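Have a look at the structure below before the remarks.
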Amino acid sequence: MKVTFGKYELSFKYYYLLALILIMLTDSLLYELVFGEKHGDEGSASTEIVPVEKYLILLACALSMVFINRLNSFTRNWVIFIFALLVIYMLESYYTYYSFMMYPHVFAKVMIYFLIPFAFLAYKDPKPELLLYTAYFIIVIFFVHLILYKTEVLSLQSFVDTNRGFTAQSTYFILLPGIFFLNVYLRDRKMVYLILFMVIMFFILYLQHRTVWLSTLFALSLNFLLIRKADFSFPLSAFTPFIVIPLVAGFLLFSFVLSTNPEVVDKFVERIEDIQNVESQGTGNWRLEQFKSYWPYIEDNLALGMRLKGFELPIQFYHAEAGIAFFDDGTGHHFHSFYVDRMFYFGLLGLVMVLPLVFYFVNKTRQKYTLTAEQLTLVTYVASGLVFGISYNLPGFYFGIVGIAISYIHQTYILEPEEKTYAIYSNSGI
């Protein structure tokens, strides 16, 4: 990416790496490594932003408007729509409270969307290998974090006690490189990619976040449905290691671990039963009760939501037995669902804000004759957010990945067989 100011030209060759680091700082995976302090608890629904995230959102908003002409037409029009809504909310805030941003907690829910054009600009006209570097960077950060801070989770007792160590959001983050390594293994059939895929799947299972399990199952299912559109082919023998390696690993695991520690199997069964009995077991029932507590307010403000008045509403969700509010008043309402969160604050308009993104990916995926491994990975991961958002607020990094996905799906890649490289052809219009 190059930007010209008069006779001066600025090159942003490694802007994508800087942008990736900033986006990853919105999650505890990198935040704790850099700052040495916690950013959210295990399974937390809290969307309180830390200073780094606050400044990143402001930076993303500014850059999105300054470089708006460098966005593709879809992203540019969508950004103008989001910015117009933001201005309207600011005027409403000033009219009611004599402050343009009375409750930053509410405004951050709109401004977080500017991470999409921010990431799009960073990965504009992307080369296929950029996603490979991105996947390696994410997985390296995960293992460095694990080794430095979370080695205690690598024990059977931690597993049985559900001491996950990593939040659901962080675990969901590593699903992206997981899907990518699966696709590049099928494309290149290099064993290192298959091993990385299986290691990531192991940790996703081991960390026991049921929502991430369901998101992973959805992502892999969709990936294999869309793989018929891939611009690469692979023989059925490529799937042989998917059978042999799990069988060998399963035999060794049973021989040395499960046979003497049946509580591990019991734990897996318990977690699966929690998913099957969402209304009576696990945190699914907790989420359902939270939804019921707020539904009257959502129903009464269905079109436009409660907006700033929602922040002032006392916490409505109480412990059934102790009668104590789950969250403190004056901190906003922390929903365990992206959909409930947006409908409470912005009504159906909160969902309308993101519907254009859904339609864009569906249309671009249908229109493309083939998909590269990178495009297939990103489309699949973005789609899995529809599942993850049922139980959690979508994290900041997710919107960054959406921006990267738009950048990749916007491009046309033509494989040049002789050199085995991809040539990029920029598309005009959407």
query = Once phi is turned into θ = phi - 60°, what whole-Hz ³J(HN,Hα) does the Karplus curve with 6.51, -1.76 and 1.60 give for every residue of the stretch 179-185, x standing for Gly and Pro?
reply = 5, 4, 5, 4, 5, 6, 5
query = Long-range amide H contacts for ALA230: which residues qualify at under 5 Å (H placed 1.01 Å from N, peptide plane, sequence gap of 5 or more or a different chain)?
reply = LEU371
inquiry  = Given a 1.4 Å probe and heavy atoms of the protein chains only, how would you sort ARG70, ARG228, largest accessible area at the top?
reply    = ARG228, ARG70
request  = Might you work out the accessible area of LYS54 for me, using a 1.4 Å probe with all protein chains in place, and round it to the nearest 10 Å²?
outcome  = 90 Å²
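Å³ per residue of the Cα convex hull, for the stretch 67-180? Before the final figure, lay out each step's value.
On the way: hull volume 18.4 nm³, N = 114.
In the stretch 67-180, the Cα convex hull volume per residue is 161 Å³.
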request  = Run the 1.4 Å probe and let me know the accessible area of ASP125, rounded to the nearest 10 Å².
outcome  = 70 Å²
inquiry  = Spelling out what I want: for every residue of the stretch 201-207, take phi, set θ = phi - 60°, compute 6.51 cos²θ - 1.76 cosθ + 1.60 (Karplus), and round to whole Hz; glycine and proline get x.
reply    = 4, 4, 5, 4, 5, 5, 7
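How would THR162, THR240 rank on accessible area, largest to smallest, probe 1.4 Å? Before the final figure, lay out the partial values.
Values: THR162 30, THR240 70 Å².
Final ranking, largest accessible area leading: THR240, THR162.
Which of the residue pairs LYS127/LYS190; LYS54/LYS309; LYS124/LYS309; LYS54/LYS292; LYS127/LYS368 have a Cα-Cα distance greater than 27 Å in the structure shown? All intermediate terms of the calculation are to be shown ahead of the outcome.
Details: LYS127/LYS190 20 Å; LYS54/LYS309 22 Å; LYS124/LYS309 39 Å; LYS54/LYS292 31 Å; LYS127/LYS368 18 Å.
Listed pairs above 27 Å: LYS124/LYS309; LYS54/LYS292.
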query = Over the stretch 154-212, what is the relative contact order in whole percent, taking alpha-carbon pairs under 8 Å and six or more residues apart?
reply = 44 percent
key: TRP295 - accessible surface, heavy atoms, 1.4 Å probe, Å² rounded to 10   = 90 Å²
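Could you order THR75, THR331 by accessible surface area, starting with the largest, using a probe radius of 1.4 Å?
Values: THR75 0, THR331 45 Å².
Result, largest first: THR331, THR75.
The values are calculated or read from the model by the stated rules, or taken from the named source; none is laboratory data. As the structure is a prediction and not an experimental result, all values here were calculated from the model. The protein model used for the area step is the full one, side chains on, heavy atoms only, and it has no ligands, DNA or RNA in it. Shrake-Rupley method; radii C 1.70, N 1.55, O 1.52, S 1.80 Å.
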